[in-house]
1. If the elastic network links every pair of Cα atoms under 10 Å, which of GLY55, GLY32, GLY42 fluctuates the most in the Gaussian network model of the chain?
2. Rg/Rh for segment 23-121 to two decimals, with Rh computed the Kirkwood way over all alpha-carbon pairs.
3. What does the accessible area per residue of the chain come to in Å², with a 1.4 Å probe and no ligands, DNA or RNA counted?
4. Cut-off 10 angstrom, C-alpha nodes, Gaussian network model of the chain. Which of VAL48, VAL27, VAL78 fluctuates the most?
5. Could you tell me what percent of the accessible area of the chain is made up of carbon and sulfur, with a 1.4 Å probe and every protein chain present?
6. In nm, to one decimal, how far is the ASP61 label point from the SER108 one, both placed 7 Å along Cα→Cβ?
7. Have a look at ALA49, ALA24, ALA74 and tell me which one the Gaussian network model of the chain (Cα, springs below 10 Å) gives the largest fluctuation.
8. Hand me the trypsin sites (Lys or Arg not before Pro) from segment 16-61 located in a DSSP loop with no more than 11 other Cβ atoms within 10 Å, in residue order please.
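The values are calculated or read from the model by the stated rules, or taken from the named source; none is laboratory data. Worth saying up front: this structure is predicted, and the values here are computed from it rather than measured. Note that each Cβ is placed from the backbone with ideal geometry, even for glycine, and that neighbours are counted across all protein chains shown. Note: accessible area is taken over every heavy atom of the protein model, side chains too, but ligands, DNA and RNA are not part of it. Shrake-Rupley method; radii C 1.70, N 1.55, O 1.52, S 1.80 Å.
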Amino acid sequence: QVHLVESGGGLVQSGGSLRLSCGASEVVFNLGTMGWFRQAEGPERQLVAQISRTGNTNYGDSVKGRFTISRDEAKRMVFLQMDNLKPDDTAVYYCNANFSPAKLDGQSDYWGQGTRVTVSS
């Protein structure tokens with residue numbers, strides 16, 4: 001079964017930077033919008049950033065100007081460059097992507113297992 005694999009989380013001081021990466025474990029088809037969400041305390045998962053297959057981006061208000069999302073179509077990966085990190089950015093970050101796991105399958109949303117980002121003050 002196809003799943004998304006994330007990497008790049010960790011502990012960083014306030015003002016520092018981290019880069020998250022995410023890719024599918026196997027070849028996928030009809031790769032659509034990819035993005036990152038985060039979950040701090042509580043059940044709500046918050047949008048961080050999304051990027052469409054045409055390169056249009058959408059950011060959560062709290063990260064605009066500090067985070068940059070990008071994707072590599074050839075490698076079918078999505079990245080999140082996080083600069084000027086703040087303690088409020090501390091959360092588990094989840095990769096999300098819309099694709100077909102097999103050529104004749106319909107598209108569905110898939111989630112990574114999450115990678116923890118901790119920003120110390």
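1. Highest fluctuation among the options: GLY42.
2. Values: Rg = 14.0 Å, Rh = 14.1 Å.
Result for segment 23-121 is an Rg/Rh of 0.99.
3. Accessible surface, normalised per residue, equals 54 Å².
4. VAL27
5. Details: 3000 of 6510 Å².
The nonpolar share, carbon plus sulfur, comes to 46 percent.
6. Distance between the two pseudo-spin positions: 3.5 nm.
7. In this elastic network of the chain, the residue with the biggest mean-square fluctuation among ALA49, ALA24, ALA74 is ALA74.
8. Values: sites: ARG19, ARG38, ARG45, ARG53; in loops: ARG45, ARG53.
Answer by residue number: there is no such site.
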